[in-house]
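These notes concern the structure reproduced below.
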């Protein structure tokens with residue numbers, strides 16, 4: 001009853017035999033033990049499971065693992081640069097207290113990186129609208145907005161000073 | 001290291017693991033040979049279980065075991081207990097119906113646990129659960145508290161045929177009634193405090209493991225108070241000795257009250273882990289969270305305020321019917337009573353108050369503490385009454401409040417509390433300034449030109465945090481202590497590990513508590529680690545709820561630190577050949593007063609653990625001290641919140657355009673964390689006022705708002721950025737002078753928002769709106785209102 005899939009996750013080739021109904025988020029958490037990607041709902045609305053799939057932010061509970069065969073997936077564990085520093089978005093969340101319990105945070109960070117990719121200089125409303133698909137129950141979003149604005153500025157500065165590829169996308 | 005760390009926005013120690021996906025939440029725990037549990041839940045709000053046939057499920061692929069209520073009864077597993085005994089107006093104990101972890105004979109709400117299937121995978125467990133044949137005889141259900149007490153309503157429990165758990169009252173009825181007789185003006189309101197569903201983003205989860213070798217259990221559980229969980233589960237339900245059960249609440253993804261309680265699921269899998277001889281994991285799906293997490297609020301209230309000719313409050317009279325749900329959750333009984341009626345004085349000198357509360361059973365999920373727990377309900381009563389009175393009398397909203405503020409402390413309220421400190425004028429003055437109330441009229445006119453209605457709403461709330469003292473609470477029916485415990489372990493080379501009984505599930509204890517310790521010991525914040533959430537490591541503590549962690553848990557740590565310094569002084573006196581009385585502790589060094597001779601705490605600690613030159617005859621080795629702290633009083637955070645809304649009369653859509661919160665939390669250790677707590681509370685408070693509503697269908701008893709499609713959680717674009725500031729009057733009775741800040745926003749915001757909505761709609765003749773003030777409700781109110789009834793405020 002299992003089906004075979006192979007894909008690239010955080011730069012590494014992985015292959016597995018899975019139950020066909022396995023969701024991508026379950027595959028990441030249960031097969032690969034990448035538990036940084038969280039499950040907060042069962043209707044595709046909280047965004048805690050957001051990952052990058054072929055460079056796009058997707059809710060990994062809305063993708064069957066089988067559909068992700070042959071793709072490239074980046075999770076929260078895959079965005080920290082090799083030198084061990086935090087990604088500018090992670091650093092900004094810490095600096096601006098954009099997280100409390102931390103449960104929505106990986107999905108929020110992944111969605112925010114994607115948002116800044118499409119809106120390099122977002123204003124407050126763009127951020128609020130752009131993060132509408134990610135629920136946070138702790139922060140009231142105030143500091144998340146500040147963090148994303150600050151990260152966008154840092155990422156723009158980084159782009160202009162060094163043309164290196166972003167790991168996440 | 002002597003840099004001040006109190007009052008500094010130190011960035012959080014816990015953030016790196018959360019930001020890199022390295023947190024360890026309960027569902028991230030995977031044990032060898034682990035199985036998965038799935039709970040079959042009742043699809044009916046009220047039904048007799050005639051028969052359960054589990055044979056097909058038992059035989060399904062991957063199934064390890066299937067358990068029902070009969071299995072638990074045969075094993076003499078008890079019911080889930082309630083932690084607070086309320087005594088009714090006739091001196092009788094409240095009705096306490098049994099709450100079996102798996103239903104026995106009857107189901108009482110949609111989501112009630114019926115059977116537990118344990119299988120190799122969660123899919124196999126779910127597939128097998130579908131094969132369980134339950135023969136239900138469906139009964140009529142009742143879901144609203146006011147319906148439940150009507151004659152002829154279906155009885156949820158045989159022991160409470162009228163569905164009344166208790167009728168309880170508080171305050172001086174005679175004095176209150178007399179004051180109303182002589183009042184120049186009486187303001188009356190009827191309203192519902194809407195049912196809320198807590199929705200921590202991490203669903204509840206548990207992993208239970210039984211060790212045959214040690215005959216002991218380890219339970220990982222998403223919980224706010226692991227020792228309370230263990231005590232209730234072992235002593236009251238499973239009959240296990242506490243030392244054989246270790247409860248670990250690891251990283252917990254938000255609680256807001258909903259993870260205080262002992263729930264059926266973790267109880268069943270703990271018991272079952274021994275039966276099946278393998279670890280068991282259970283994680284709620286969000287739909288299950290909606291159905292089975294304890295909900296909050298759900299009051300129906302009639303409230304009256306009596307005033308004299310000068311706008312002085314003479315008396316308040318409140319009648320509330322509180323929905324307790326189908327069973328008594330752990331602290332359900334005390335929320336609409338002890339934590340509600342005692343707060344009805346608010347910030348005012350109202351001399352006579354009487355409140356009567358009828359707690360009722362319904363066919364709904366149990367109702368218990370949710371962020372604020374009784375105090376938001378009380379603040380809503382007080383601040384809606386005050387706002388309505390000001391409007392009716394044509395007195396300025398801020399002015400009427402100022403006329404009635406308590407200005408002298410300590411202040412004994414007529415509802416049992418003694419406020420130790422506060423400055424209500426200061427918070428209101430600052431809020432008025434920060435909210436630019438002076439410029440509101442111009443903004444209102446500008447909005448009007450765009451066809452929009454603007455309104456300004458005030459809320460001057462008070463809350464009581466750090467429920468205490470234990471002996472008084474015991475007299476009021478508490479079945480638990482209310483102290484907190486802390487242990488400070490100075491390691492031989494001077495770094496420090498602190499063990500606290502309180503628990504962080506977002507509040508940032510690992511940082512704030514480290515600041516407290518670093519400040520007292522004069523060492524670096526990075527040299528201090530905080531350990532919480534594991535009964536195998538920490539002293540017996542009561543956990544985190546009611547904004548108590550720093551006021552109670554921090555105080556326990558301060559007491560332990562005092563012991564560390566006292567013992568360190570003795571060791572230093574020996575090492576320095578000085579009199580103990582001459583030793584002073586100053587920024588990490590024990591000094592001989594008036595000299596430059598001293599020993600650092602690291603040197604003293606080393607001497608304590610390598611006691612070669614040590615007064616062994618008089619002093620034990622080691623530098624590790626613990627303390628328990630039982631507060632003498634509550635703390636009383638208070639504040640003024642001002643909300644400005646803009647309403648589109650064509651659609652009824654209400655937007656919060658400005659929200660200002662000026663709070664008095666006493667001394668503040670980490671302003672960044674405190675502001676974050678306020679922001680989160682405001683979001684939940686605004687959510688209650690404008691968006692969130694837990695709705696059961698009155699005929700079928702089905703939860704209508706059972707997903708994020710139907711239950712409107714506040715999202716980023718529903719909220720504004722907030723204006724937040726603080727004023728400071730220190731708490732007088734705890735060593736840190738702190739009061740607690742976790743619930744303030746959820747308490748202050750709902751009345752501020754609704755008062756703003758009414759202010760905006762008043763020119764169109766609207767005087768009342770229920771929460772949540774959805775576009776539909778606002779639009780309907782505008783359609784049916786009569787403009788001529790409007791009065792300027």
**Request:** Return one number: the angle in degrees, 0 to 90 and rounded to the nearest 10, between the long axis of the Cα atoms of helix A:105-118 and the longest principal axis of the Cα atoms of chain A.
**Result:** 70 degrees
**Request:** Specify the angular offset, from 0 to 90 degrees and rounded to the nearest 10, of the alpha carbon long axis of helix A:142-161 from the longest principal axis of the alpha carbons in chain A.
**Result:** 90 degrees
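Output the peptides A:44-53, B:410-419, B:151-160 sorted from most to least packed, where packing is the average of other Cβ atoms within 10 Å over each peptide's residues. Kindly include the intermediate steps, with their values, before the conclusion.
Values: A:44-53: 24.7, B:410-419: 17.3, B:151-160: 15.1.
Descending packing order for the listed peptides: A:44-53, B:410-419, B:151-160.
Per the helix-only calculation at 222 nm, which mean residue ellipticity applies to chain B, given -39500 (n - 2.57) for every DSSP H run of n ≥ 4 and division by its residues, nearest 500 deg cm²/dmol?
On the way: 20 runs with 208 residues, N = 793.
After summing the helix terms and dividing by residue count, I get -8000 deg cm²/dmol.
Considering only DSSP beta bridges with both partners in the protein assembly as shown, what is the antiparallel share in %, to the nearest 5? Intermediate results must be reported in sequence, preceding the final value.
Values: 117 of 146 bridges.
Percentage antiparallel, nearest 5: 80.
Compute the semi-axes of the equivalent ellipsoid of the protein assembly as shown, taking the square root of 5 times each eigenvalue of the Cα gyration tensor, and list them largest first in whole Å. Before the final figure, lay out the partial values.
Details: eigenvalues 316, 275, 206 Å².
Equivalent-ellipsoid dimensions as semi-axes: 40, 37, 32 Å.
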**Prompt:** Quick one: which of B:597-609, A:134-146, B:193-205 comes out on top by average Cβ neighbours within 10 Å, and what's the full order, highest first?
**Reply:** A:134-146, B:193-205, B:597-609
**Message:** Need one number: nm distance between label points at residue B:126 and residue B:34, each 7 Å from Cα along Cα→Cβ, rounded to one decimal.
**Reply:** 1.7 nm
**Request:** With r as the distance between the Cβ atoms of residue B:577 and residue B:620 and R0 = 25 Å, compute the FRET efficiency 1/(1 + (r/R0)^6) and round to 0.05.
**Result:** 0.75
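Based on the mean of other Cβ atoms within 10 Å per residue, sort peptides B:633-639, B:271-277 so the most packed one is first. Before the final figure, lay out the partial values.
Numbers: B:633-639: 27.4, B:271-277: 19.4.
With the highest mean Cβ count within 10 Å placed first, the list reads B:633-639, B:271-277.
Suppose a student asked you for the relative contact order of segment A:1-129, using Cα pairs under 8 Å spaced at least 6 residues apart; what percent would you report? Present the calculation step by step, with values, prior to reporting the outcome.
Numbers: 204 pairs, mean separation 33.7, N = 129.
Reported as a whole number, the value is 26 percent.
What does DSSP give for segment A:1-119 in terms of the percent of beta bridges that are antiparallel, rounded to the nearest 5?
Values: 14 of 16 bridges.
Given both bridge residues lie in segment A:1-119, the antiparallel proportion sits at roughly 90 percent.
Is there a simple number for the mean count of other chain Cβ atoms within 10 Å of the Cβ of residues in B:119-130, and what is it?
Values: counts 0, 0, 3, 2, 4, 1, 0, 0, 0, 0, 0, 0.
For peptide B:119-130, the averaged partner shielding equals 1.
Fewest Cβ neighbours within 10 Å first, please rank B:85, B:428 accordingly.
On the way: B:85 16, B:428 23.
Fewest-to-most Cβ neighbours within 10 Å comes out as B:85, B:428.
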**Item:** Averaged over B:673-680, number of beta-carbon atoms from partner chains that fall within 10 Å
**Value:** 5
**Fill in**
The simple spin-label model distance between residue B:56 and residue B:732, using points 7 Å out along Cα→Cβ, in nm, is 7.0 nm
**Among beta bridges that DSSP assigns inside segment B:290-444, antiparallel share in %, nearest 5** = 50 percent
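Other chains' Cβ within 10 Å of B:705-713 residues: what's the mean?
Working: counts 0, 1, 4, 8, 4, 1, 0, 0, 6.
Counting other chains' Cβ atoms within 10 Å and averaging over B:705-713 gives 3.
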**Item:** In nm, spacing of pseudo-spin labels at residue B:190 and residue B:595 (7 Å Cα→C-beta vector)
**Value:** 8.0 nm
**Request:** Could you work out how far the C-alpha centroid of segment B:408-434 sits from that of segment B:678-703, in angstrom?
**Result:** 29 Å
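Does chain B come out rounded, prolate or oblate by the C-alpha gyration tensor, with a ≥ b ≥ c the root eigenvalues, rounded set by a/c under 1.5 and, if not, prolate when a/b is larger than b/c and oblate if not? Write out the running numbers ahead of the final one.
Numbers: a/c = 1.82, a/b = 1.10, b/c = 1.65.
Oblate, because a/c is 1.5 or more while a/b does not exceed b/c.
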**Prompt:** Percent relative contact order of chain B, based on C-alpha pairs within less than 8 angstrom and at least six residues apart?
**Reply:** 16 percent
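Read-outs: derived from the displayed coordinates by stated rules, not from any lab. Keep in mind that what you see is a predicted model, and the values were worked out from it rather than measured. A quick note on method: Cβ atoms are made from the backbone with ideal geometry, for glycine too, and the neighbour counts reach across all protein chains shown.
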